[in-house]
Amino acid sequence: MTYSEEDLERFRRYKRIHLKHDEMEAPLDKQLESLQKRERNKWIQLAVNVLALLFFGYSYYFDITQLSNTFLYILIAVFIVNTVLIFYQKRQILELKNYIQSELNRS
């Protein structure tokens, strides 16, 4: 598969974002391993966010906590935005993994 110059630049940006400096210089198979670890970490972050959201929602719904409505809504909004950003990062990691895999297959 051939990539446009825009795609290649985007993959370089993704590498700078998701890989450490020494990982960027590593062979492609090591980069893939690092990205798989990062993807696993994103799943853990997502689970923590969902659990926190459920905890605060449950506490509020059953009057366990004395949070005001405004504070609860702000808290929920923050967790939702965080969850969306985690999914966005997961998508970037997946695209980068696919690109690196295609580069490995070509060589």
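Roughly how tilted is helix 28-61, in degrees to the nearest 10 and between 0 and 90, from the longest Cα axis of the chain?
With rounding to tens, the tilt is 10 degrees.
Between VAL84 and THR70, with labels modelled 7 Å along Cα→Cβ, what's the label distance in nm to one decimal, could you check?
Those two pseudo-labels are separated by 2.3 nm.
If all Cα-Cα distances of the chain are sorted into 5 Å bins from 0 onward, what percent lands in each bin, rounded to whole numbers?
2, 11, 18, 17, 13, 10, 8, 7, 6, 4, 2, 1, 0
In degrees between 0 and 90, to the nearest 10, how far off the longest principal axis of the chain does helix 5-18 point, with axes built from Cα atoms?
Result, in degrees: 60.
Would you mind checking the tilt of helix 69-106 against the longest principal axis of the Cα atoms of the chain, expressed as 0 to 90 degrees and rounded to 10?
Taking Cα atoms only, the helix is inclined about 20 degrees.
At 222 nm, what helix-only mean residue ellipticity would the chain give, in deg cm²/dmol to the nearest 500, using -39500 (n - 2.57) for each DSSP H run of four or more? If you can, show how the numbers build up before the last one.
Values: 4 runs with 90 residues, N = 107.
It lands at -29500 deg cm²/dmol.
Under the definition of Cα pairs under 8 Å and six or more residues apart, what whole-number percent is the relative contact order of the chain? Could the numbers behind the result be given before it?
Working: 50 pairs, mean separation 43.2, N = 107.
In percent, rounded to a whole number, it is 40.
Values quoted throughout were computed directly from the atomic coordinates according to the rules given, and no laboratory measurement underlies them. No experiment lies behind these values; they were computed from the predicted model shown. We place every Cβ from the backbone using ideal geometry, glycine too, and count neighbours over all the protein chains shown.
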